[in-house]
Structures are given as structure tokens and as C-alpha cells.
Amino acid sequence: MKIEVLSEFSYLIRFPGDKTCLPEPTKLGIAAHLLRDAFAEDWVEVVPVFADLLVTLSARSFSEGADPEAIISACLEKLERQDEVLVEPRLIEVPACYDEEFAEDLPEIAEQGGMSIEQAVRLHSELTYKVYAMGFCAGFAYMGDVPEPLRQPRRSSPRTKIPVGSVAIADFMTAVYPLAMPGGWHIIGRCPVPLFTPDDQDNPTLLRAGDQVRFHPIDKDEFYRLKAKWRN
Amino acid sequence: MAKLTVTRADFFASIQDMGRRRTQHLGLAQSGVADEYSFFRANYLVGNAVTTPVIEVITGFFSISTDRPVTMALTGADMSARVNNAPVRPWQSFVLMPGKVLELKNTTGMGLFSYLAVKGGFDIPLCFKSASTVERENLGGYHGRKLAAGDELSTILDRPLCPTLATPPDQIPQFDQPLTLRIMPGYDHDNFPEQSQRTFFTSEYATSNKMDRTGIRLSGPPIIWQKGDILSKPVALGVVQITNDGTPVVLLKERQSTGGYPMMGVVSRLDLFRLVQAFPDTPLRFSPADPVRLRAELMRFYNFWGVA
């Protein structure tokens, strides 16, 4: 791991890895946990994204005599020794309805992969995904790795509005849209459960970096039942 | 409590403060005022804590009235402000009387973002500990959106009017000057071809009209990146990313928390407050700078305003 001074109050910690060999997101998750603990009141942002961790600190952490870089190094040493409490990744089941009404791009994805729609659904939902990063918008989780036959590059022309809850894939990643947003991902289903609940300020997102996620296929009746339940 | 009514908001006016902390790992935007210097100064002039929420008005076309006398201050961009046709001096406090309308016309080319502070502060519920609006997330501020004609805002406290407080002329920034942005090389800087690094640090760029609270696209010689797609990274405030066609884009407070384009480094935060005020086509250059030196300068800035 390499610590880089990024700006006045920020560091970038680079973990070894690249697109073909990503570091375990739980490892970055534990690092983030150790850093927040060590800096207590003085961390402003600790953001793990794929192979990099951004640490932004308060002005106070740089006052005379303070050595934030040494604190970061100590956290990374602890991480390597793994003698701290290891955080078990949470396994979260996300219901997803793959009905044709919600899955505009599923027929094409299945065809490109040389399989039936049923096979494509099974393939997408039988795997456990890892949350590599949160970003793009509130509650949006970048999850991987999508099995090879389902991988397709982003659409050449993005849609101007992707409906709330859309389950989508692009390249090796899958995600659920927490808000209606423009986007270039392929839509293969819809999730009835909110991914972002701003009223719950202590726990506003269903998913977090480091989580493990499985998609649980549901039919339309179940979709509307869950949707109604969450509305109340 | 005074009740203020927005009577015109044609472009983009929103409630902003320092923005959010500890939420980017959840995917939320940082948000907050684009120009912290003008923001602190506006609150200071009306005797508020300097981080009290204000109205940030982009390019003008905004007016507001009140039902009780309120002490206000307007800083940042010059919008030829008037109260019932009498000019209002920016960068000093004034009182808006009931029945009168404060009108911000369009910017004169001296800045893009202006800040309206009211004594006593606006009564705005905090969302993730900040009043800052993020319209695309429907979060914060006035019902998660920009202000519109007819919106009503209350002040938290009815404060006595205070005598006029003015800003010393040498403390009022000139927003029509060419810029040199100090940048801390980092992120993918070392992986750009040498020729691209040279182009970036020796060429003249300019601001463009493609700008909003998320970022500013620059015009100038394109920067070539030869290494194909890269993994997304966490994005710090002030990052300069290079799009596929070689355009540098400086990312601001309302940027997304992750970015997949190669990045050249991070612009000094104090320079960023000047950059956001630059009218389209303002010439600028990048000069490499040492983060430790810039840190000392930024700490002096926050210490001066008493912001932790």
C-alpha cells in the first residue's frame, strides 16, 4: 500500500491491484474502519473506491506536533497484521423482479451471451457480489463481478432517465439505481426496496462498501407487495 | 421571526452552507457553497456565525422581499443589486424594509456566485448535518430543490438591526483577473505521457460556459491519455479530470464521489474559490505546487475565520 499526499487535507491510499485483479473490498472496508477509529473526531471523509481509499481530515489534525501520516501508517500496519477485530462482511439479500416490464435490456443481454432469459436471470441471481464502492449518487453501489457471459460495455447512448430501483449491468459491474437518474447501464430488472432512505440519517443506505450481496428473484405480485410495504 | 418571500428566481438560487461531511462513502455529494471566502464574509457582515446557511445565487435574476425589517449582506459576484431601484452596495450590511424588494439583476462579468446572508439565519432543517441543497439527490435546502418564485423562508430569530458593517476595499476580491491555479500533481499524473504533462503545465486554458455546481470544463489544448479505461477512484474537491476528448474539467463541491476519468491532480482550495467566480473565457494557467505549503496557507484561512 502506498500513501500519497493528495491535497492540503487529503491523502490517497493506493492498494495493489488493477482492473483484472482487484483488492478484496472487505480489506479496504477494514482499513476504512481502522482509520475512522484512529482519527475519531478528526476524519472528514474516508472513502474506499475499488483499489483506492481517500482520507480527508480536519484542519485541526494538522496542527503543530500532529503527525496524521504516522497514524495512517499505523492503521495500515494493523491491517497487514490482521490482529485487529476482523469485520465479517454483511450478506444482504436484494429482491429483484426480472419481469419483462422492468427488464428492457434483458432479452438482448441474454441473446448476446447465447442463453435464454431464464438462464440469464439464474446466472445473475445465483452469484454473491461484492460492493467495491459507493458513488455516482446517494446509495448507488458498484457490485461485482458479473459472470463473463452477461458482460456488455455501457450503452453507446445513455438513457435520459432510468427508473428508481432499476437493476442494471455494465461491464463486470451490477448495481441498483437508488434514484431516477440518467445512465448508460443495461436494465435487467427492478428492485422494490429503497436503496437510499434519507429520513434514516444514521443508516441511510441499504448497501455499503465491503458488503456482500445476492439478488433474490421475485415475481410481479411480490414486487408490488414489497413496494406497497415500503411506501408505508 | 421575519418571513422572506422569493419573488423571482429565474436561473439557479439555492440554500447552501459548508456542505456535508462523512457522507461520501455512502455516495452522497459533498455540496456546499462554491466560494467559501464570500460566504464567510457575508455572514460576518450580519454578525452570524460564518458557517450559517445563506442563499447562493448563480448569475443573478433573483429577487426577495420581507415582512419585517431584516439586516442582510450581499457578497461574491456583482449582480447590480437594487432595492426598489436604488443601488445596494455589496460587501456591506444593509436593512431591507417591508414592502421593498431586493433585486439581483444579471452578473456584470465580475463573478458568477453571489451570497445573501440574513441576520439570524434562515430556518432550514438540516439533512445529514447540513442545509446544503443537492437537487439531483432531492436533498437538503428548501425541500431538496432550488428556490422558485413564491417560496417563503423564515429567519430563526428576530434580531435587532445592526449598524452598517463594511468590507475594507482591499479585502474585496477582483473577479475579472486572469488566474494561475496552483495544482498538486497526483492521482494519474505520472501515467500521462510526458508531452501531455508538458502541455498541461505550459499552455493557456480558459474557463467556458459549460459550468455548474459540479464542475467547470476548460477550453485549450487537449491532453492526451494513452492508457485506456481505468478503475474509478474517489474524487477529492478540486480534482482536474481529463475527459476522453482531452478536455480538463475541474470538479467542484457538488461533484460525484467517484470518477472514472484519468485525473491530473488537485487544485488548491483557495484558488478554487477564485476559479468558480471567473466569467466564461477567463484565461488561466496551471502551476505545480507543494501540498504542505498550500496546507499552511489554507489553515491560516480557516483559523482567521474560526472554522475547524
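The values are calculated or read from the model by the stated rules, or taken from the named source; none is laboratory data. Everything numeric in this text was worked out from a predicted model, so none of it was measured. Every residue, glycine among them, receives a Cβ derived from its backbone with ideal geometry; neighbour counts consider all protein chains shown. Note: accessible area is taken over every heavy atom of the protein model, side chains too, but ligands, DNA and RNA are not part of it. Shrake-Rupley method; radii C 1.70, N 1.55, O 1.52, S 1.80 Å.
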Problem set entry | strands (runs of 3 or more DSSP E) (entirely within the range B:209-308) containing at least 1 residues that are of a type in the set (Lys, Arg) | B:215-219, B:283-288
Exercise. Can you name the residue in the range A:15-43 that is in contact with a helix residue (DSSP H, G or I) (Cβ under 9 Å, 6 or more places away or on another chain) and either polar (S, T, N, Q) or under 14 Å from B:GLN24 (Cβ atoms) (or both) and is also farthest from the other protein chains (Cβ to nearest Cβ) among such residues?
Worked result: A:LEU35
Exercise. Given the structure, is A:SER73 more than 7 Å from chain B (Cβ to nearest Cβ), of a type outside the set (A, V, I, L, M) and in contact with a strand residue (DSSP E or B) (Cβ under 9 Å, 6 or more places away or on another chain)?
Worked result: yes
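Rundown of residues vs (1) under 12 Å from B:MET211 (Cα atoms); (2) more than 17 Å from the chain's Cα centre (by Cα); (3) within 10 Å of chain A (Cβ to nearest Cβ), yes/no style:
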position	(1), (2), (3)
B:THR258	no, yes, yes
B:SER268	no, no, yes
B:ASP271	no, no, no
B:PRO280	yes, no, no
For this session: Considering every residue within the range A:12-25, establish whether at least one is of a type in the set (Ser, Thr, Tyr) and in contact (Cβ under 8 Å) with a residue 24 or more places away in the chain.
Result: no
Seminar exercise, completed: Exactly one of A:ARG214, A:ARG122, A:ARG208, A:ARG225 is more than 14 Å from chain B (Cβ to nearest Cβ), open to solvent by 10 Å² or more (accessible area, probe 1.4 Å), among the basic types (Lys, Arg) and within 17 Å of the chain's Cα centre (by Cα), and that one is A:ARG214
Problem set entry | Single residue of the range B:132-159 satisfying the filter (within 14 Å of chain A (Cβ to nearest Cβ), outside any strand (DSSP E or B) and open to solvent by less than 20 Å² (accessible area, probe 1.4 Å)) that is nearest to A:PHE136 (Cα to Cα) | B:GLU137
For this session: Tell me, yes or no, whether the range B:212-230 has at least one residue that is modelled with pLDDT under 95, more than 10 Å from chain A (Cβ to nearest Cβ) and farther than 29 Å from B:ASP17 by Cβ.
Result: yes
Exercise. Name the residues in the range B:35-60 that are of a type outside the set (Phe, Trp, Tyr) and open to solvent by 10 Å² or more (accessible area, probe 1.4 Å), would you?
Worked result: B:ARG41, B:GLY47, B:ASN48, B:ALA49, B:VAL50, B:THR51, B:THR52, B:PRO53, B:ILE58, B:THR59
Seminar exercise, completed: (1) open to solvent by 10 Å² or more (accessible area, probe 1.4 Å); (2) within 15 Å of the chain's Cα centre (by Cα); (3) closer than 16 Å to B:THR5 by Cα all hold for B:ILE124 apart from (2)
For this session: Go through the range B:82-111 and give me each residue that's open to solvent by less than 10 Å² (accessible area, probe 1.4 Å) and of a type in the set (A, V, I, L, M).
Result: B:LEU96, B:LEU102, B:LEU104
Exercise. Among B:SER80, B:SER14, B:SER31, B:SER38, which is the only one that is assigned to a strand (DSSP E or B) and either touching a Phe, Trp or Tyr at 6+ places or on another chain (Cβ under 7 Å) or among the hydroxyl-bearing types (Ser, Thr, Tyr) (or both)?
Worked result: B:SER14
Problem set entry | Residue pairs meeting the criteria (Cβ under 6 Å; at least 6 apart or on separate chains; first within 14 Å of A:PRO182 (Cβ to Cβ), in the range A:146-158; second at pLDDT below 95 and open to solvent by 70 Å² or more (accessible area, probe 1.4 Å)) | A:PRO158/A:PRO182
Problem set entry | In the range A:106-140, the residues that are in contact with a Lys or Arg (Cβ under 8 Å, 6 or more places away or on another chain) and aliphatic (A, V, I, L, M) | A:LEU127, A:VAL131, A:MET134
Exercise. For B:PRO262, are the conditions met, namely being more than 9 Å from every other protein chain (Cβ to nearest Cβ) and out of contact with any helix residue (DSSP H, G or I) (no Cβ under 6 Å at 6 or more places or on another chain)?
Worked result: yes
Exercise. If we scan the range B:182-192, do we find a residue that is open to solvent by 90 Å² or more (accessible area, probe 1.4 Å) and not charged (D, E, K, R)?
Worked result: no
For this session: Could you tell me whether B:VAL249 is buried (at least 23 other Cβ atoms within 10 Å of the Cβ), in contact with a strand residue (DSSP E or B) (Cβ under 9 Å, 6 or more places away or on another chain) and more than 9 Å from chain A (Cβ to nearest Cβ)?
Result: no
For this session: With the checklist (1) touching a Phe, Trp or Tyr at 6+ places or on another chain (Cβ under 7 Å); (2) modelled with pLDDT under 95 in hand, flag the one item A:SER156 doesn't pass.
Result: (1)
Exercise. In this structure, does A:ILE162 turn out to be within 24 Å of A:PHE50 (Cβ to Cβ) and buried (at least 18 other Cβ atoms within 10 Å of the Cβ)?
Worked result: yes
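Okay, residues lined up against (1) among the β-branched types (Val, Ile, Thr); (2) in contact (Cβ under 8 Å) with a residue 12 or more places away in the chain; (3) surrounded by fewer than 22 Cβ atoms within 10 Å (Cβ to Cβ):
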| site | (1), (2), (3) |
| --- | --- |
| A:ALA32 | no, yes, no |
| A:PHE39 | no, yes, yes |
| A:LEU57 | no, yes, no |
| A:SER63 | no, no, yes |
| A:ALA66 | no, no, yes |
| A:ILE72 | yes, yes, no |
| A:GLU77 | no, no, yes |
